[in-house]
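Structure record follows, encoded as structure tokens.
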Amino acid sequence: MKHLILYFIIAFTTVSCQFFETEKISSETFYDEELKTIDWNNVDQYPIFEPCSSFLDKASQKKCFENTLTTYLFEAVNNNRDKSLKELNDTVYVRFLVSEKGQLSVKNMDLDSLTKAELPNFEQNLRNKIDAIKLIAPAYKRGIPVKTHFTLPIVLQTGGDL
């Protein structure tokens, strides 16, 4: 009977130890799994202009960012001194970058050759206006400042009955 109790204690101790073991995960595995959960196409906080600093929720930040940027670009288009002699109906796509330091810069602009010929200073005026825009904070992803890319279409219509 003593041997049976001793055998039972040894068997129970041996079997029960596996219940206390934890599975070890390597840091590489943890890192790879964490990377899979991140949505790389969205940010947690949009870049912030001074007028947008009071907005805390993401949707309001996005709307304020887009509206403020659109206002700046609208001013640049309206202040352009070039006058087109021909009727223009073009959409200019402006691709720009907001660095992790909050600096806004133009990556490129898709301008039609007719638009370039009719409005020769348009691109430079728009670049100058964008370069002068000041942000107070970059975009953030998981508390880390990140680069963000944006594309904004600008519709140009001149001449005719427009």
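No lab work stands behind these numbers, since they all come straight from the coordinates. What you are looking at is a predicted structure, and each value in this text was computed from that prediction instead of being measured. Methodologically, a virtual Cβ is constructed for each residue, glycine included, from the backbone with ideal geometry; neighbour enumeration extends over all protein chains shown.
Overview of results
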| quantity | calculated |
| --- | --- |
| Order of 141, 58 - criterion: other Cβ atoms within 10 Å of each residue's Cβ, fewest first | 58, 141 |
| Which of 130, 136 has the fewest Cβ neighbours within 10 Å, and the rest in rising order | 136, 130 |
| Spatial separation of Cα centroids for the stretch 50-78 and the stretch 85-106, in angstrom | 15 Å |
| Radius 12 Å from Cβ of residue 51, net charge of other residues (Lys, Arg +1; Asp, Glu -1) | +1 |
| Additional length obtainable on full extension of the chain from residue 117 to residue 95, 0.36 nm per residue less Cα span | 5.8 nm |
| Sorted by Cβ neighbour density within 10 Å, fewest at the top, the residues 64, 52 | 64, 52 |
| Residues in the stretch 86-111 that a label on residue 157 would reach, taking backbone N under 16 Å of a point 7 Å out along Cα→Cβ | 87-92 |
| Summed residue charge, Cβ within 10 Å of residue 94's Cβ, Lys/Arg positive, Asp/Glu negative | +1 |
